[in-house]
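Derivation of every value follows stated rules applied to the coordinates shown; laboratory data play no part. Because the structure is a prediction, the values reported are computed rather than measured. Reconstructed Cβ throughout: ideal geometry from the backbone, glycine too, with neighbour counts over all protein chains shown.
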Amino acid sequence: MGRLTSLKPALQAQPSRLATVNPESWRTAKGTAAQRGYGYKWQVARAAWLEAHPLCVYCQREGRVTAATVVDHSTPHRGDMKIFWDRSNWVSLCTHCHSSVKQAEEREADRFL
């Protein structure tokens, strides 16, 4: 009977996205999501917002109708609770737009800071 040999993986291991978190980020300094303001009060406010604003505004701009699942802050609050709770700064997004389009916009804006 022949020897079994292991095959080299076809894909290289990708670094963890968590490894790229800036240790000086407000997210790291403020602790858990609840400690950063995303506790029960936020969940209630988020649900009410999505009920009143159920469609993704980014998709609407492109002529698509997509249910929103995320309440995003148009201007990143970076831990500033006044900005965090300013409803004029809230926008409804679908998960895809929040995780791709909005994140790319923020990365681009951060390049110029």
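Sort Arg111, Arg61 so the one with the fewest other Cβ atoms within 10 Å of its own Cβ comes first. All intermediate terms of the calculation are to be shown ahead of the outcome.
Working: Arg111 7, Arg61 10.
Neighbour counts put them in this order, fewest first: Arg111, Arg61.
Just the ratio, please: alpha-carbon radius of gyration of the stretch 34-111 over 2.2 N^0.38 Å, N its number of residues. Could the numbers behind the result be given before it?
Details: Rg = 12.6 Å, N = 78, 2.2 N^0.38 = 11.5 Å.
Normalised Cα radius of gyration, the stretch 34-111: 1.09.
What FRET efficiency comes out for the pair Asp110/Ile83, r = Cβ-Cβ distance, R0 = 22 Å, nearest 0.05?
Working: r = 16 Å, r/R0 = 0.74.
Between Asp110 and Ile83 the formula returns 0.85.
Please list, in order along the stretch 62-76, the HN-Hα scalar couplings obtained from phi with the Karplus expression 6.51 cos²θ - 1.76 cosθ + 1.60 (θ = phi - 60°), rounded to whole Hz, x for Gly and Pro.
8, x, 9, 10, 9, 5, 7, 10, 10, 9, 9, 9, 3, 9, x
Expressed in nm to one decimal, what extension gain is obtained for the pair Arg64 and Ala47 from 0.36 nm per residue of sequence separation less their Cα-Cα distance? Write down the numbers at each step before the final one.
Working: separation 17, 0.36 × 17 = 6.12 nm, distance 2.21 nm.
Between Arg64 and Ala47, full extension yields 3.9 nm more.
Going by C-beta contacts inside 10 Å, put Ser88, Ser100 in order with the fewest on the left.
Details: Ser88 7, Ser100 12.
Sorted ascending by nearby Cβ count, the order is Ser88, Ser100.
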